[in-house]
Amino acid sequence: MELSTKYNPAEVEDKWYAYWTDHKFFHSEPNEKEPYTIVIPPPNVTGILHMGHVLNNTLNDVLIRKARMDGKNACWVPGTDHASIATESKVVAKLKDMGISKDSLTREEFLKYAWEWKEEHGGIILKQLRKLGASCDWDRTRFTMEPELSEAVINTFVYFYKKGWIYKGVRMVNWDPEALTAVSDDEVIHKDTKSHFYHLRYYISDGQGNPTDKYLVIATTRPETIMADAAICVNPADERHHWLRGKKVLIPLINREIPVIEDDYVEMDFGTGCLKVTPAHDVHDYEIGLRHNLEVIDIIDDHGRLNEKARILVGEDRFVARKKIVKMLEEAGNLEKVEEYTSPVGYSERTNAVIEPKLSAQWFLKMEELAKMALDTVESGRTRLIPDKYMNTYRHWMENARDWCISRQLWWGQRIPAWYLPDGRIVVEPSAEAALKAAQAIDPNIKMEDLKQDEDVLDTWFSSWLWPISVFDPQKPGHPEHEPNADLAYYYPTNDLVTGPDIIFFWVARMIMAGEEFMGKEPFSNVYFTGIVRDKIGRKMSKTLGNSPDPLDLIAKYGADAVRIGMLLCSSAGNDIFYDESQVEQGRNFCAKIWNSFRLVKGWTVDPAAQPSEAAAAAVKWFGSKLNQAVETVEDHYSKFRISDALMTIYRLFWDDYCSWYLELVKPAFGEAIDAQTYDATLSFFEALIKLIHPVMPFITEELWQQIRERKEGETIMYAPSPKAEAYDAALLADFDIAMETVVGIRGIRNQKGIAPKEALDVLVDGSFPMAMAPVVEKLAIVSLSEGDAEGKTGASLVVKTCKVFVCLKVNVEEEIARLKKDLAYQQQFLAGVRKKLSNENFVAHAPEKVIEMERKKESDALSRIESYEAALKALEG
RNA sequence: GAGGGUAUAGCUCAGUUGGUUUAGAGCGCUUGCUUGACAGGCAAGAGGUCUUCAGUUCAAAUCUGAAUAUCCUCACCA
């Protein structure tokens, strides 16, 4: 088969991905081998691939491919998340385009549209992952809202309810008036927003509901909520306001009478020291209200408009009402002054609407016990966080975990399995039938139509926290006593989880909770936190900024392997990633390098009768050792999840050691053939190298692996065993380093001086130079020096820096003398430093033997260098 | 406001329980190369008082404290 001059990723990628899936290479079933399991962090079913996914899934794929080649039974379970809020808002938007409003539909009708939308647009991301080369077991693809997994969620709810950990509470929630749903605290973005501080006069009541001429002044940013005021609050220690004790004041415009109360919450030096208490519309006010038994008057409806309880401005949007009421207050003489003011305001993450604090009945899951368990899992080391700097954060969160609000005012999701009896009592059961039975146990006359199911659905995280269990055995969550099925028994606990640190609490901690509760075992041994992908200037990738490239475009332009490399190159664990396209370019260049090196080797003709040259024989011996050493290093990096270091080690091994040194050494002269022995070794090395790098660059390695030698149908590099680290000859590596240094020195001199003598090179060697390396130096140095000539330089000999090989070159004597003098001075200074250290009694007394030896070696090295330089100087001057 | 992370070359990062480094790598930069695989390449080179100050130690990029900068999480003030 002919190799094209240029590597064409697109051709190769489709071909091999199809080959892999056709042969079901990604598929795993329980067997006698050791399992290695990863569950995908399920992306939103409606999501499309972004750079964060690329990073995450590349890392996952590297780990899974590595494990597969290491002989483990590797299983990577893919799937998607129903993402209730995101999906529902997309469906609502789509319906709006079609001229349908959500309000006009029944729940069933809406869900029908939603499922249609899901079938049509869902799971695109899973197809995109294939382009990346993700080796997921597609037969195991799961969706958090498929019937079995939904059942698991419902069972879990029933389980915790019956355990007494789920309760219904009235809480202040963050209401999104656009999405018409409560959003969690975590989905609220606080942004400093310019607004006004309105100073309002509240006149003291004469007792009959008429204003006196005395008044107090409060400062508020939300004048439209004054109709919901339940009290005016001052700090009891604030003497300025003691005259108000026991007084009542009138709300402007509507003249409703409210009391003046005292509470420590009020800060004396903020605003006017008087606070209007609006329990229905502010979290703190609600708490004050609880303490003082204040009435809760809710004057804002779900859409953010004033309702009839406001008595005035009914039906107006809250922001319109604000403008209007300010005018009214001004006209009524209640507006004392207006200040410019910047304060943090909560916005909905999804719709960017200003969050309205609102009282609402919600379902909660108690966190206390679960958090305690989850903290222990990590503190005991059964689950390791990588990097471990996240331990502190994790502990802090677990120790301060607030109860989890698990209900969402949406339709897309698992509907809460709670049924209300006509008298308001609640039964919680996995099905309507079971609920009816339970209800009839309370009241035998209850019929199905008397029962009303809760309208809300469960938080999406309430299904994804079961993910590592439910993808294998959906019967298990909610049934701790259930005997795990074969899959769950074999694959659980999973090994590693790769995810972003932003969901450590939403998802990671909660999976640990569910794992401990239902399996009595942590769901994974290691959690590897990636960084957040940012652009070159450090901004988060976002659609609005338009600074996120489309990964598919990148793959089309550079190839999937290149994109994977580009992502990994800059990704040390836990640090944010500054993405720059030049890194992908580097990845592409690496592909080209691999490709071209293979073209070179494949292009050689082999002479079975020929014998290896001395240089080639030395090179083969050396690279064998070098390879083993590198494999050892790479294994070490992997074991510590230092993936980019592992990649870098292989990158340099391939590029510098194999291509720049090894291939140059074994390369036959133009027109000549290579001996069979060296050729075989060269191919074997190449094969080992591409196996090493395969987890990172799956496509090009499969292509070349197939071409190295004849392969049978159904063979794949994916299951070729990883190169194992064998013993290597450290002395040989050290000797070769000297040879390389020598060659570099020779090249350096040539380049620096701009000379390239025609004369053959004389290599004069003294006793300390490793003689076996002479052919190596000779071959490479001659190549380096065989070209060109310098003009008008006079020749003499000089010393190459560190080793004692004398090379005859033409150089400018004076320049060389100056350079040598400079080097000599530096070495003398260095020697003095080392000697000072060695003469320090304390150093000799305390430092480990190894360190002292090191210093002695430095001393003798410096000495011998000084000697060489002096000798060379003498020769040049003389 | 509370807690946490980070600070090393122009950029992105290593530096593995203080001595194995005269502080390394990749990219970028400069210079020279139409060198029979590769200009997506080859070769050479420049570039860092390890943010600052103080402390512990025979010894600090590494440990401690403070300052400064920056990022993240949580809470958010009428």
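The values are calculated or read from the model by the stated rules, or taken from the named source; none is laboratory data. Since we're looking at a predicted model, the values are computed, not measured. Neighbour counts are summed over all protein chains in view; Cβ atoms, including those assigned to glycine, are modelled from backbone coordinates with ideal geometry. For the accessible areas, the whole protein counts, side chains as well, though only heavy atoms, and no ligand, DNA or RNA atoms are used. Shrake-Rupley method; radii C 1.70, N 1.55, O 1.52, S 1.80 Å.
Look at segment A:504-529 and say how many of its residues are touching a Ser or Thr at 6+ places or on another chain (Cβ under 6 Å) and assigned to a strand (DSSP E or B). The number of residues fulfilling the criteria is 1. Inspect segment A:482-501 for any residue being among the acidic types (Asp, Glu), open to solvent by 50 Å² or more (accessible area, probe 1.4 Å), at pLDDT 95 or above and out of contact with any Gly (no Cβ under 8 Å at 6 or more places or on another chain) and give the result as yes or no. Within segment A:482-501 (the criterion being among the acidic types (Asp, Glu), open to solvent by 50 Å² or more (accessible area, probe 1.4 Å), at pLDDT 95 or above and out of contact with any Gly (no Cβ under 8 Å at 6 or more places or on another chain)), the answer is yes, since at least one residue qualifies. Taking the criterion of being among the small types (Gly, Ala, Ser) and either touching an Asp or Glu at 6+ places or on another chain (Cβ under 6 Å) or more than 23 Å from A:GLN409 (Cβ to Cβ) (or both), the residues of segment A:305-332 that qualify are A:ALA321, A:ALA332.
If you go through segment A:855-878 and keep only what is open to solvent by 80 Å² or more (accessible area, probe 1.4 Å) and either in contact (Cβ under 8 Å) with a residue 12 or more places away in the chain or within 11 Å of RNA strand B (Cβ to nearest atom) (or both), you end up with A:ARG856, A:LYS857, A:GLU870, A:GLU877. Checking the structure you have, find out if any residue of segment A:587-601 is within 7 Å of RNA strand B (Cβ to nearest atom), under 19 Å from A:TYR651 (Cβ atoms) and in contact with a Gly (Cβ under 7 Å, 6 or more places away or on another chain). Checked against the condition, which is being within 7 Å of RNA strand B (Cβ to nearest atom), under 19 Å from A:TYR651 (Cβ atoms) and in contact with a Gly (Cβ under 7 Å, 6 or more places away or on another chain), segment A:587-601 yields at least one hit. Might you check whether a residue that is aromatic (Phe, Trp, Tyr) and either open to solvent by 30 Å² or more (accessible area, probe 1.4 Å) or at pLDDT 90 or above (or both) occurs anywhere in segment A:529-537? No, segment A:529-537 contains no residue that is aromatic (Phe, Trp, Tyr) and either open to solvent by 30 Å² or more (accessible area, probe 1.4 Å) or at pLDDT 90 or above (or both). When A:VAL620 is tested against (1) closer than 30 Å to A:GLU672 by Cβ; (2) within 14 Å of RNA strand B (Cβ to nearest atom), exactly one condition is not met: (2).
Does A:TRP419 qualify as being farther than 30 Å from A:TYR198 by Cβ, of a type in the set (Phe, Trp, Tyr), modelled with pLDDT of 90 or more and assigned to a loop (DSSP other than H, G, I, E, B)? Against the criterion (farther than 30 Å from A:TYR198 by Cβ, of a type in the set (Phe, Trp, Tyr), modelled with pLDDT of 90 or more and assigned to a loop (DSSP other than H, G, I, E, B)), A:TRP419 does not qualify. The residues listed here are A:LYS337, A:LYS358; of these, the one that is at negative phi, of a type in the set (D, E, K, R), open to solvent by 80 Å² or more (accessible area, probe 1.4 Å) and within 16 Å of RNA strand B (Cβ to nearest atom) is A:LYS337.
Looking across segment A:16-37, the residues that are assigned to a loop (DSSP other than H, G, I, E, B) and under 19 Å from A:HIS694 (Cβ atoms) come down to A:HIS23, A:LYS24, A:PHE25, A:PHE26, A:HIS27, A:SER28. Residues in segment A:1-39 that are within 22 Å of A:ILE708 (Cα to Cα) and small (Gly, Ala, Ser): A:SER4, A:ALA10, A:ALA18. Taking (1) within 24 Å of the chain's Cα centre (by Cα); (2) more than 16 Å from RNA strand B (Cβ to nearest atom) in turn, A:LYS640 satisfies each apart from (2).
Assessment of segment A:644-667 against the conditions (near RNA strand B (Cβ under 9 Å from one of its atoms), crowded, with 18+ Cβ neighbours inside 10 Å, modelled with pLDDT under 95 and not in a helix (DSSP H, G or I)) yields at least one matching residue. For segment A:690-734, taking the residues that are within 19 Å of A:ASP561 (Cα to Cα) and among the charged types (D, E, K, R), the one that is most open to solvent (accessible area, probe 1.4 Å) is identified as A:LYS691. Taking A:VAL378, is it within 16 Å of RNA strand B (Cβ to nearest atom), among the aliphatic types (A, V, I, L, M) and farther than 25 Å from A:VAL527 by Cα? In short, no.
When the test is whether a residue is over 20 Å from A:MET718 (Cα atoms) and at pLDDT 95 or above, A:ASP680 passes it.
Just so you know, in segment A:315-351 the residues that are in a loop (DSSP other than H, G, I, E, B) and of a type outside the set (Asp, Glu) include one that is modelled with the lowest pLDDT, and it is A:ARG350.
Of the residues making up segment A:838-854, those that are open to solvent by 70 Å² or more (accessible area, probe 1.4 Å), in a helix (DSSP H, G or I) and near RNA strand B (Cβ under 7 Å from one of its atoms) are A:ASN842, A:HIS846, A:LYS850, A:MET854.
Just so you know, in segment A:361-371 the residues that are assigned to a helix (DSSP H, G or I) and open to solvent by 10 Å² or more (accessible area, probe 1.4 Å) include one that is farthest from A:ILE512 (Cα to Cα), and it is A:GLU368.
State whether one or more residues within segment A:126-137 are under 30 Å from the mean Cα position of the chain (by Cα) and closer than 25 Å to A:GLU517 by Cβ.
No: zero hits.
Every test in (1) over 42 Å from the mean Cα position of the chain (by Cα); (2) within 16 Å of RNA strand B (Cβ to nearest atom) is passed by A:ASP282 save one, and that test is (1). A:ARG402: within 15 Å of RNA strand B (Cβ to nearest atom), closer than 28 Å to A:VAL296 by Cα, at pLDDT below 90 and not in a strand (DSSP E or B), yes or no? It is true that A:ARG402 is within 15 Å of RNA strand B (Cβ to nearest atom), closer than 28 Å to A:VAL296 by Cα, at pLDDT below 90 and not in a strand (DSSP E or B).
Of all the numbered requirements in (1) under 26 Å from A:LEU63 (Cα atoms); (2) within 8 Å of RNA strand B (Cβ to nearest atom), A:GLN629 misses one, and that requirement is (2).
Here's a check for you: in segment A:426-470, which residue that is of a type in the set (Phe, Trp, Tyr) and in contact with a strand residue (DSSP E or B) (Cβ under 9 Å, 6 or more places away or on another chain) is modelled with the lowest pLDDT?
A:TRP461
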